[in-house]
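Enquirer: Please see the structure below; I have some questions.
The values are calculated or read from the model by the stated rules, or taken from the named source; none is laboratory data. Owing to the predicted nature of the structure, the values given are computational and were not obtained by experimental measurement. Note: ideal-geometry Cβ built from the backbone for every residue, glycine included; neighbour counts use all protein chains shown.
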Amino acid sequence: MNQRENRDKETFVYEQPTLTRDTREKRQEGCCSGCRQTFFGLREFGSDSSNPQQLDLHATFAPRGVLIFIWKAIVAIFVIATFVYTLVDSQYRGFYFSYVTNWSLLVSCVYVILSLFNSCCVSHRQHPGERQRIGTITALTWISYVIASHAEPLVTIFFWSAEYTRELEVNFDSLAPHGLVAVLILVDGILINRIPVRWIHYWYLIVPYDLIYLLWTVLHFVFDVGNPNQSDQDPSSNDDAIYQVLQWEDDWEMALVLTVLVFVIGPIFFFLQRRLTMYRFLCGDNRLRLRYIQNNDNVEPDNTGDSDV
């Protein structure tokens, strides 16, 4: 009996293989390469195992047509004009980029300029059998859209729910950067370009963007930078905060609650945006909205499957 148990134990003995230095380096290199391919690689970025179709980069980032050109030109002019107007109209321009609204406007300007450039100047010529590659311009367009399409709606929600009061006049200064630009960015990205967004974008682009600005508000408080747009030189009044609802000194609990809400509302909105980008409706069995290459032709498939992007 003991001999049988010993034989059974010997049967399941497994010796861990020894990894050489070259093998470990190759595995690490493969891991880094895999991360890069996941974020920027066309196959991993544009399809998955359930949907082997290749994302049509030209049709996605550089759609052509007279009406499309007119639309993109109008959007670019409006967004850039909003940015320039708010900058010129700012009394203290050195403090202009202390506001997250203006961060979002700057990123939106980058996106609309690249979006218009892609449709006007990017060549659609491609040799038969040649694989499309994500170039620098396409990557920058993708990154700027992901950030702008997240930041603009959140800025709009934040302004009208927390910052706006009846004493503030509703005019171009309040409507354009807190609503109109957000609508134009989403329409251009979802309906015109149909740019896909993935959860990896949320963790690698959106979360750092939000954290960097929140860190700036904390540093602004710690180093007592002040706010020239609201300061009345009265030490008894707390008017030095960038936003009145983000007063880390006197009402840090409320500031912390708003910070947490950003990371609650953000993923919810990103999920809805992702669904709208992928499908024609938020739920149900409906056709894909994204543009893919089928049989090496720029044909938009009538696909009803639930495939990831």
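Enquirer: Pairs under 8 Å by beta carbon, first residue free of Cβ contacts under 8 Å to residues at least 60 places away in the same chain in the range 159-182, partner of a type in the set (F, W, Y) and not in a loop (DSSP other than H, G, I, E, B), six or more apart or different chains?
Expert: Hits for this filter: S174/F159; G179/W160.
Enquirer: Just a yes or no: is a residue in the range 232-254 under 22 Å from T101 (Cα atoms), hydrophobic (A, V, I, L, M, F, W, C), modelled with pLDDT of 75 or more and assigned to a loop (DSSP other than H, G, I, E, B)?
Expert: Scanning the range 232-254 turns up at least one residue that is under 22 Å from T101 (Cα atoms), hydrophobic (A, V, I, L, M, F, W, C), modelled with pLDDT of 75 or more and assigned to a loop (DSSP other than H, G, I, E, B).
Enquirer: Let me ask you something else. Across the range 162-172, which residue is farthest from the chain's Cα centre (by Cα) among those that are modelled with pLDDT under 90 and surrounded by 13 or more Cβ atoms within 10 Å (Cβ to Cβ)?
Expert: Checking each candidate, the answer is Y164.
Enquirer: Can you find a residue that is under 20 Å from E152 (Cβ atoms), loosely packed, with under 15 Cβ neighbours inside 10 Å, aliphatic (A, V, I, L, M) and modelled with pLDDT of 85 or more anywhere in the range 266-274?
Expert: yes
Enquirer: Just the residues that are hydrophobic (A, V, I, L, M, F, W, C) and outside any helix (DSSP H, G or I), please, taken from the range 161-212.
Expert: Going through the range 161-212, the residues hydrophobic (A, V, I, L, M, F, W, C) turn out to be 162, 168, 170, 172, 175-176, 180-187, 190-192, 195, 197, 199-200, 203, 205-207, 211-212.
Listed by number, the residues that qualify are L168, V170, I195, V197.
Enquirer: Search the range 143-161 for residues being of a type outside the set (A, V, I, L, M, F, W, C) and more than 14 Å from the chain's Cα centre (by Cα), and hand back the single one that is surrounded by the most Cβ atoms within 10 Å (Cβ to Cβ).
Expert: Restricting attention to the range 143-161, the residues satisfying the condition of being of a type outside the set (A, V, I, L, M, F, W, C) are 144-145, 149-150, 152-153, 156, 161.
Keeping just the survivors that are more than 14 Å from the chain's Cα centre (by Cα) gives 156, 161.
Numbers: T156: 20, S161: 11.
Per the criteria, the residue is T156.
Enquirer: Residues in the range 89-107: is at least one aromatic (F, W, Y), modelled with pLDDT under 50 and under 22 Å from the mean Cα position of the chain (by Cα)? Give the steps one after another, and end with the answer.
Expert: Looking only at the range 89-107, we keep the residues that are aromatic (F, W, Y), and these are 92, 95-97, 99, 103.
Filter once more, so that each one left must be modelled with pLDDT under 50: none.
Taking every residue of the range 89-107 in turn, none turns out to be aromatic (F, W, Y), modelled with pLDDT under 50 and under 22 Å from the mean Cα position of the chain (by Cα).
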